[in-house]
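Chemist: One structure is given below, represented as structure tokens, and several questions about it will come after.
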Amino acid sequence: MPPSTPSEPAPPDPTPPDSLPPVPVSPQLPRSEPTPPAPTSPTPSAPTNPTPSAPTNPTPPAPTNPTNPKPPAPPAPTLPLLAVRDLRVSFGPVRAVDGVSLEVSHGPFGMALVGESGSGKTTVARAILRLVPAAGGTIRFEGQDVAGLRGRRLREYRRAAQIVFQDADNSLNPRMRVGAAIAEVLTAHGLAPRGGVGDRVAALLSEAALDPSLASRYPHQLSGGQRQRVAIARALAVSPRLLVLDEPTSALDVTAQARILALIRRLRGERGLAYLLITHNLAIVPGLCERTAVLYLGRIAESGPTSALLAKPAHPYTLALLSAVPEVDATARRSRIILPGEAVPGPAAHPSPHPAATAGSAALAGSAALAGSAGRGGPAARAGAATPPGCPFHPRCPLAVDVCRTEVPPLRTVAPGREAACHRAGEVLSGLRPPGHGTASSSRIGGVP
């Protein structure tokens, strides 16, 4: 009997594995000490491992995978670096800038603002940098209203947005050596320790493709191209995110122009710069700017991607600017579109091109007196003159019709990503050309087909 009594509990041993999951077996667990470890170890391991692992593995990847692509997506459509909306600048009775809107994306990015002298390009740039007051509109830099910046925030904006003026002779102090002019910027903004200013100046000159030994020279001892590169080096001293280049190649020979353009292209890639390139020469725009805006009398005449705008203009004024660009290839040369008068409002400076014979001579005679002031791009040339009714370009436009003389054309979309302020933009885009200038032909400026 003693051996049989211990053998009686043996049958429950095989049964517990089958009856462990049901509830009735759980009260028997405390009776036998060795039995609880056996059922408890399989119970949590068997049900616990499959149960959490099944819901846990699929659940985190589902929310994690969709959330990972979403954070990168918002940064892509973030606010542009610079957004100008309906900018207006007045000098007394003269409206120098009238409703200009443009955007500059984060770098590397280039935006070109082109137009003849007196169209208001430099005034737009100065208003963006708060060098002249704006009469209306908004200027936002990374979402901040530039007009409302004060104190520290204004100083930060001054560092983030810099300008390279058109004439380096006037922007550089003739009594300061080149090195001292650049060091003054570093010291004023506290960007280099007193003992490291010289090294930083030498590094900036080298970055601008200049010999650091030129730091000991005065501006008059340098060539025009060297002075312009010194101005660029001084602007880069504060590590700006936006650079305004106001006619950086004007008054320079062809070799110096090529070097300045190559420098801008290199700095764009190395520093990730965003810049607003102001020029009257459409030949330097391709390869430097993704977008181009054409300005006439303080208003946007046309804007869009540079390659598309140069290949197929949608505004007669852009056609005239393109025809003025010299071509080396004789087979690619276009017939020149001569516009009467100057880019100055008023009936005296804007004789109607109809009939062209009488208007042409009157225009040249009337514009000669204004050439001195208007050629320098100053708004004073337009003092006392009223903007013509209708389209501001119609007195000089060879394609003007009756509606152009009475209604101001709105800036409207004429193609994907393109806008034009012309009543006949669709016809010009389709190939309409002034009489005697043939049909549309593709532009070859800067290698653009």
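Chemist: With the condition kept exactly as written, say whether any residue in region 131-140 is surrounded by fewer than 20 Cβ atoms within 10 Å (Cβ to Cβ) and over 22 Å from Asp98 (Cβ atoms).
Modeler: No: zero hits.
Chemist: What is the number of the single condition among (1) small (Gly, Ala, Ser); (2) under 30 Å from Tyr218 (Cβ atoms); (3) at pLDDT 95 or above that Gly195 does not meet?
Modeler: Going through (1) small (Gly, Ala, Ser); (2) under 30 Å from Tyr218 (Cβ atoms); (3) at pLDDT 95 or above one by one, Gly195 breaks only (3).
Chemist: While we're looking at this one, here's another question. Pick from Gly179, Gly143, Gly196: which is loosely packed, with under 12 Cβ neighbours inside 10 Å, out of contact with any Asp or Glu (no Cβ under 8 Å at 6 or more places or on another chain) and among the small types (Gly, Ala, Ser)? It would help to see each step written out before you state the result.
Modeler: On the way: Gly179 fails: loosely packed, with under 12 Cβ neighbours inside 10 Å; Gly196 fails: loosely packed, with under 12 Cβ neighbours inside 10 Å.
Sole residue among the options that is loosely packed, with under 12 Cβ neighbours inside 10 Å, out of contact with any Asp or Glu (no Cβ under 8 Å at 6 or more places or on another chain) and among the small types (Gly, Ala, Ser): Gly143.
Chemist: When the residues of region 89-99 are filtered to those that are in a strand (DSSP E or B) and more than 21 Å from Leu242 (Cβ to Cβ), which remaining residue is nearest to the chain's Cα centre (by Cα)?
Modeler: Quick first cut of region 89-99, residues in a strand (DSSP E or B) only: 89-91, 94-99.
If we keep only those that are more than 21 Å from Leu242 (Cβ to Cβ) too, we end up with 90-91, 94-96, 98-99.
Details: Ser90: 25, Phe91: 27, Val94: 28, Arg95: 25, Ala96: 22, Asp98: 20, Gly99: 18 Å.
My answer is Gly99.
Chemist: Same structure again: Can Val254 be described as outside the structural domain of Leu432 (by TED's automatic domain parsing) and of a type in the set (A, V, I, L, M, F, W, C)?
Modeler: On the way: outside the structural domain of Leu432 (by TED's automatic domain parsing): yes; of a type in the set (A, V, I, L, M, F, W, C): yes.
In short, yes.
Chemist: Something else: Let me confirm something: among Ala183, Ala161, Ala192, which residue is in contact with a Leu (Cβ under 7 Å, 6 or more places away or on another chain), assigned by TED's automatic domain parsing to the domain that holds Ser216 and farther than 22 Å from Ala127 by Cα? Quick ask: steps written out before the conclusion?
Modeler: On the way: Ala183 fails: in contact with a Leu (Cβ under 7 Å, 6 or more places away or on another chain); Ala161 fails: farther than 22 Å from Ala127 by Cα.
Only one candidate qualifies: Ala192.
Chemist: Out of all the residues in region 196-222, which are in contact (Cβ under 8 Å) with a residue 12 or more places away in the chain and assigned to a loop (DSSP other than H, G, I, E, B)?
Modeler: Hits for region 196-222 are Ala208, Ala209, Leu210, Arg217, Tyr218, Leu222.
Chemist: Given the conditions (1) of a type outside the set (Lys, Arg); (2) part of a loop (DSSP other than H, G, I, E, B); (3) at pLDDT 95 or above, and given that Gly107 satisfies all but one, which numbered condition is not satisfied?
Modeler: (3)
The values are calculated or read from the model by the stated rules, or taken from the named source; none is laboratory data. Since we're looking at a predicted model, the values are computed, not measured. Ideal geometry is used to build each Cβ from the backbone, glycine not excepted, and the neighbour counts take in all protein chains shown.
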